[in-house]
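Scroll down for the structure; my scribbles are underneath it.
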Amino acid sequence: MDAPQPSARAGGVIATLAFAGTTAAIMQTLVTPLIADLPEMLHTSSSNAAWVITATLLVAAVCVPVVGRLGDLLGKRRMLLACSVPLIVGSVVCALSSSVVPMIVGRGLQGMGMGMVPLGIALLRDVVPQERLSPSIALVSASMGIGGGLGLPIAAAIAQYANWRALFWGSAGLAVVVATLIWFLIPDVPAAAKGQRFDAPGAVGLAVGLVCLLLGISKGADWGWGSATVLGLFAVAIVAFLAWGVWELRTGDPLIDLRTTARPRVLITNIASVFVGVGMYSSMLVVPQLLQFPEATGYGLGQSMLASGLWMAPGGIMMMIVSPLGGKLTNARGPKFTLISGVLVITAGYALSMGLMSSAWGLMVVCIVINSGVGLAYGAMPALIMSSVPLSETAAANGFNTLMRSLGTSIGAAVVGVVLAQMTTTAGGYTFTSEGGFRTGLIIGGGVALLAALVAAAIPAVRQAAPSEEKAEAVGELEDAGVES
C-alpha cells in the first residue's frame with residue numbers, strides 16, 4: 001500500500017474532503033426555506049410536496065452503505081467522483097423543475113451523493129500522516145453538521161432575495177467545484193478489497209428494510225402510527241432485516257460484515273451514534289420554530305427565516321472550530337474520551353436551553369454549545385470505528401456508522417415532531433405548539449444525549465496488540481487487498 005502523502009498534499013486532501021462533505025450537507029438543507037412555498041411552486045398538495053424532503057432521506061440511507069462498500073471494492077477516489085455526478089445532475093434537474101415529479105427525482109439524485117462523507121473519512125486513513133489523522137477525521141466527519149449550520153442561512157437569504165432556482169444552480173456549481181478538486185487533488189489509492197465481489201442481494205435486502213423503516217418513521221405522523229400502512233411497513237422492515245442478516249452471515253463477501261459490526265467496540269459505537277443523532281436533531285427541530293413563532297404567543301421570538309438562520313449560524317461556525325480541537329483531544333486521550341465529552345457538552349447545551357429559550361441571544365448560545373458537542377462527538381465516532389475494523393472494510397464500516405447517525409436524526413424528527421404536534425394550545429381560533437411542547441422537545445434531546453454518554457462509557461478500550469501481531473495483521477490486510485508488502 002502507498003505511504004501516506006506528504007503534509008502539503010495531505011492538506012489539499014483534507015480541505016477537499018471537508019468541502020465535499022459540507023457541500024453534500026448543504027444539499028440536504030437546501031429546500032428548508034422553501035418548505036411552506038413548495039406546494040404553490042410545484043402546483044401540488046402539501047402531502048405530495050413533502051416527498052421532496054423524504055426522497056433525499058430515503059435515497060441517501062440506501063446509497064451510503066452501498067457506496068461505502070463500492071469504495072472498498074473499486075477505489076475511494078473513483079466512487080467520490082461517481083458521487084459528484086448525481087449531485088450535479090440532481091441539482092440541474094431541480095433547477096429546471098416546474099412540477100413535483102422532476103423535483104422529487106432531482107432530490108433523489110442529490111441523495112445519492114451523500115456517500116461522500118464516509119468515503120472521505122475512510123480515504124483519510126490511507127493518505128494522511130498519522131499525526132494529522134485524528135484532527136482531519138474530526139473535521140471531515142463534522143462537515144455534515146457544518147454544512148447544515150451554514151447552509152440554512154445562505155439558502156434562506158437566496159430564497160428571500162432571489163429566485164428559488166438560484167439555490168439549485170448554485171448547488172450545481174458547488175458540486176462541479178467538488179468534482180474538479182477531487183479529480184486534481186485526491187490520489188488514486190489501490191482498492192483495499194479489490195477482487196472481492198459486490199453483494200447485490202445484500203444491497204437489495206438492506207434497501208428494502210431501510211426504505212420501509214424510514215418511510216414508516218418519517219410518514220407515521222401523517223398516515224397514523226396505528227394505520228395498516230405504517231404497521232405494514234414496519235412488519236416488512238423487520239422481515240427484510242432478518243432475512244438480510246441471515247444472508248450477510250452466510251455469504252462470502254458481505255455488503256456489511258456483521259461479525260465485524262458485532263464487535264463490542266463497533267456495536268456500542270453505532271448504538272451511541274443513533275442516540276447522538278437524536279440529540280443533535282432535537283435542537284435543529286425546536287430552535288428554528290421558537291425563533292420564528294410570533295411574539296404574540298408570549299414565547300415565540302418573531303424572527304424571519306433569514307434572521308433565524310443567522311442566529312443559528314454561529315453554531316455551525318463553532319462546530320468547524322471545535323472539530324480539529326476534538327481530533328487533538330482524541331490523540332491525547334483517545335476517541336472514547338472525546339465521544340463522552342462531546343455528548344456531555346450536548347447535554348449541557350440542552351440544560352442551558354431551559355433558562356435561555358426566551359431570547360434569540362440565548363438560543364444562539366444554546367446552538368453554539370450543542371454544536372460544539374456535536375463536533376466533538378461526530379469526530380470521535382469514525383475514529384472508534386476505524387480503530388476496530390480491517391482496512392478492507394473501512395469505507396463500508398464508516399458508511400454504516402453514517403447510516404446509524406441518519407437513523408438517529410430520523411427517529412429524533414419523528415419523536416420530537418409527535419411531541420410538538422400533540423402538546424398544543426389554542427388562541428384566537430388557532431391551534432399551535434405550546435411553550436411546554438417546545439420545552440419537552442428540548443428535554444428529550446438532553447435526556448437522549450445523556451443516555452448516549454452512558455452508552456459511550458460502555459465502549460471497551462482497544463486491545464493493544466503486540467508488535468508481531470500488528471505486523472501480521474498489516475501483512476494480512478495488504479494481502480487481502482492484493483497489494484505487495
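The values are calculated or read from the model by the stated rules, or taken from the named source; none is laboratory data. Only a predicted model underlies this, so the values are computations on that prediction, with no experimental measurement involved. Cβ sites come from the backbone with ideal geometry, for glycine too, and all protein chains shown count toward neighbours.
For the reader, a short list of remarks on this structure follows.
- Residue count for region 247-286 satisfying the condition of being more than 16 Å from Ala414 (Cα to Cα) and either in contact (Cβ under 8 Å) with a residue 60 or more places away in the chain or not small (Gly, Ala, Ser) (or both): 25.
- Of the residues making up region 243-257, none is in a helix (DSSP H, G or I), assigned by TED's automatic domain parsing to the domain that holds Phe400 and among the β-branched types (Val, Ile, Thr).
- Any chance Asp188 is at pLDDT 95 or above and farther than 17 Å from Met114 by Cβ: no
- Out of Leu167, Leu150, one residue alone is within 21 Å of Leu30 (Cβ to Cβ), part of a helix (DSSP H, G or I) and modelled with pLDDT under 85. It is Leu150.
- All conditions in (1) within 18 Å of Ala142 (Cβ to Cβ); (2) of a type in the set (Val, Ile, Thr); (3) surrounded by fewer than 23 Cβ atoms within 10 Å (Cβ to Cβ); (4) touching a residue at least 60 places away in the same chain (Cβ under 8 Å) hold for Ile321, with the sole exception of (4).
- Residues (within 23 Å of Ala18 (Cβ to Cβ), crowded, with 20+ Cβ neighbours inside 10 Å and either free of Cβ contacts under 8 Å to residues at least 60 places away in the same chain or of a type in the set (S, T, N, Q) (or both)) located in region 159-217: Ser171
- Residues (within 27 Å of Trp51 (Cα to Cα), within 24 Å of the chain's Cα centre (by Cα) and modelled with pLDDT under 95) located in region 223-263: none
- Residues that are in contact with a Pro (Cβ under 9 Å, 6 or more places away or on another chain) number at least 3 in the following helices (runs of 4 or more DSSP H) confined to region 1-115: 7-29, 46-49, 51-74, 76-96, 100-112.
- Selected residue (only one of Val31, Val66, Val85, Val52 is more than 20 Å from Gly277 (Cα to Cα), in the same structural domain as Val274 (by TED's automatic domain parsing) and more than 19 Å from the chain's Cα centre (by Cα)): Val85
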